[in-house]
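The structure under discussion appears below in the form of structure tokens.
The values are calculated or read from the model by the stated rules, or taken from the named source; none is laboratory data. Note that the coordinates shown come from a computational prediction; the quantities given were computed from them, not determined experimentally. As a convention, Cβ positions derive from the backbone with ideal geometry for all residues, glycine included, and neighbour counts pool all protein chains shown. Only protein heavy atoms, including side chains, enter the accessible area calculation; ligands, DNA and RNA are left aside. Shrake-Rupley method; radii C 1.70, N 1.55, O 1.52, S 1.80 Å.
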Amino acid sequence: MRKKLVAGNWKMHGSIQANVALLDGVIAGMSGVDSEVLVCVPYPYLAQVSAKVQHSRLMLGAQNVSQHEAGAYTGEVAAAMLAEFGCAYVIVGHSERRALFGETDQVVAMKCAAVLAAGMSPVLCVGESLAERDSGRAKSVVSRQLSVVLDCLGVAGFAKVVVAYEPVWAIGTGLTATPFQAQEMHAAIRAQVAALSPVVAENLRILYGGSVKPQGAAELFAQADIDGGLIGGAALVAEDFLAICRAANS
Ligand code: PEP
């Protein structure tokens, strides 16, 4: 049985004061939640949030990482540094990083390798644009994004990876993939991994992301191959985030 995971991606939001209020609200409501819950916060807040979640079930993650181990890379943050702050997960290859910061499939694969080498798990984001879906290329685009990482890590390396399927057209737009559309892609992702290792595929958690809100979350999470969610906007409102987490209860 795969344990469901609900991950909040705060993106570039927060302040020291606002984080306290948000985390107090989420932690207070965790007793009604049985899935795993993760918050991926901006780098400057890692120390604050690490201390805050210490005695709770909330896990800590980052939103990006350098593919390099150390060196003259001004402004970059190494995976080992994130591990020092207690990060368990790192979002890698979010579509905003691919589109706005030029991250290629190869760079994404190297970042996944760096995260694994530091003892954490990458939350590997894949997903097609609207133009790619409209032209019937959604599955081939996602398959390509996945295969570059599979080639780099090997399927055994995938044992500690979480995949997040995030159709680009659904991120921050209020549009959500239908449960059918999402399940179809999640099944295709699992089948691609199963062709290399049925065991790794069976244990692989595949999250859905893209405008997930409390309404509709339970139907998405009820799909056979949807193992939780990657949540952006709704992760910034404690009641909404908790309602989504509860929707993932088994
Ligand atoms: C995201 O940032 O990964 C995301 C899914 O955002 P939103 O839920 O706001 O669409």
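Could you say whether any residue in the stretch 98-107 is free of Cβ contacts under 8 Å to residues at least 60 places away in the same chain, buried (at least 19 other Cβ atoms within 10 Å of the Cβ) and away from the ligand (no atom under 16 Å from the Cβ)?
Within the stretch 98-107, not a single residue is free of Cβ contacts under 8 Å to residues at least 60 places away in the same chain, buried (at least 19 other Cβ atoms within 10 Å of the Cβ) and away from the ligand (no atom under 16 Å from the Cβ).
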message: Need the failing condition index for Ala88 against (1) under 18 Å from the mean Cα position of the chain (by Cα); (2) more than 25 Å from Pro167 (Cβ to Cβ); (3) surrounded by 17 or more Cβ atoms within 10 Å (Cβ to Cβ), just the number.
response: (3)
message: Among the residues in the stretch 136-154, are any touching a strand residue (DSSP E or B) at 6+ places or on another chain (Cβ under 6 Å), open to solvent by less than 30 Å² (accessible area, probe 1.4 Å) and closer than 20 Å to Lys4 by Cβ?
response: no
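Residues checked against (1) open to solvent by 40 Å² or more (accessible area, probe 1.4 Å); (2) outside any loop (DSSP other than H, G, I, E, B); (3) within 17 Å of Met81 (Cα to Cα):
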residue: Gly14; (1), (2), (3): yes, no, no
residue: Pro44; (1), (2), (3): yes, yes, yes
residue: Ala47; (1), (2), (3): yes, yes, yes
residue: Ala51; (1), (2), (3): yes, yes, yes
residue: Gly61; (1), (2), (3): no, yes, yes
- line: Of those in the stretch 155-180 that are of a type in the set (Ser, Thr, Tyr) and open to solvent by 60 Å² or more (accessible area, probe 1.4 Å), the residue farthest from the ligand (Cβ to nearest atom) is Thr178
message: Here's a check for you: in the stretch 212-233, which residue that is open to solvent by less than 20 Å² (accessible area, probe 1.4 Å) and without any contact (Cβ under 8 Å) to a residue 60 or more places away in the chain is nearest to the ligand (Cβ to nearest atom)?
response: Val212
field: Leu22, sole failed condition from (1) open to solvent by less than 50 Å² (accessible area, probe 1.4 Å); (2) within 16 Å of the ligand (Cβ to nearest atom); (3) not in a helix (DSSP H, G or I)
entry: (3)
field: Qualifying residue in the stretch 182-192 (condition: within 14 Å of the ligand (Cβ to nearest atom) and either closer than 27 Å to Ile27 by Cβ or buried (at least 23 other Cβ atoms within 10 Å of the Cβ) (or both))
entry: yes
task: Filter the stretch 163-179 for residues that are under 20 Å from Pro214 (Cβ atoms), part of a helix (DSSP H, G or I) and more than 15 Å from the chain's Cα centre (by Cα) and give the result.
output: Pro179
query: Taking only pairs six or more apart or across chains, which ones have beta-carbon atoms under 7 Å, a first residue in the stretch 169-191 that is under 20 Å from Arg205 (Cβ atoms), and a second residue that is hydroxyl-bearing (Ser, Thr, Tyr) and open to solvent by 30 Å² or more (accessible area, probe 1.4 Å)?
result: Ala170/Thr176
query: Before we move on, is Asp240 open to solvent by less than 20 Å² (accessible area, probe 1.4 Å) and either under 16 Å from Ile27 (Cα atoms) or away from the ligand (no atom under 12 Å from the Cβ) (or both)?
result: no
Residues (open to solvent by less than 40 Å² (accessible area, probe 1.4 Å) and either part of a loop (DSSP other than H, G, I, E, B) or among the basic types (Lys, Arg) (or both)) located in the stretch 64-84: Asn64, Val65, Ser66, Val77, Ala78
